[in-house]
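Data block below; observations after.
The values are calculated or read from the model by the stated rules, or taken from the named source; none is laboratory data. Everything numeric in this text was worked out from a predicted model, so none of it was measured. Ideal geometry is used to build each Cβ from the backbone, glycine not excepted, and the neighbour counts take in all protein chains shown. The accessibility values were calculated without ligands, DNA or RNA, using every heavy atom of the protein model including side chains. Shrake-Rupley method; radii C 1.70, N 1.55, O 1.52, S 1.80 Å.
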Amino acid sequence: QVQLVESGGGLVQPGGSLGLSCTVSGIGISIRGSTMRWYRQAPGKQRELVAAISSGGSPNYADSAKGRFTISRDDAKNTVYLTMNSLKPEDTAVYYCNFVLRDYWGQGTQVTVSS
């Protein structure tokens, strides 16, 4: 069975930083050939794409994330990261990791930006 486990969420003040990680596990599983994505969903809103990184390491970001967020990956660890800087209250959401090739999702990690 494939598992995606997100971690690193929590409460942070506006302007602060937070780093998220998503580790994929399972027998014979590798993220090496897959695009990986981070999504988020706030209460009452649709899930939205925040960032994506190709198997070759090329990143793409939503306009709301550009200049503030960085997506990265470590294929040897089957892990994708999202580093979030200059956080705003509107970044508050549950953040989900998506293993695109296999269409697997994590359970999400809560990020709350509040003073």
What percent of all Cα-Cα pairs in segment 2-115 falls in each 5 Å bin, counting up from 0?
2, 13, 25, 26, 19, 10, 5, 1, 0
Under 16 Å by backbone N from the virtual spin label 7 Å along Cα-to-Cβ at K88, the residues of segment 42-76 are 42, 48-51, 61-70
Under a 1.4 Å probe, counting only protein heavy atoms, T23 has an accessible area in Å², nearest 10, of 60 Å²
Heavy-atom accessible surface of the chain: percent carbon and sulfur, 1.4 Å:
46 percent
How far apart, in nm, are the 7 Å Cα→Cβ label points at R32 and R47?
2.8 nm
For F69, which sequence-distant residues (separation of 5 or more, or a different chain) have an amide H within less than 5 Å of its own amide H, given hydrogens modelled in the peptide plane?
N85
Tell me, what is the per residue accessible area of the chain in Å², probe radius 1.4 Å?
53 Å²
For K45, counting only lysines whose alpha-carbon sits under 23 Å away and dropping same-chain residues fewer than eight positions off, the answer is K66, K88
Once the Cβ-Cβ distance between S64 and R102 is put in as r, and R0 is 22 Å, what FRET efficiency do you end up with, to the nearest 0.05?
0.25
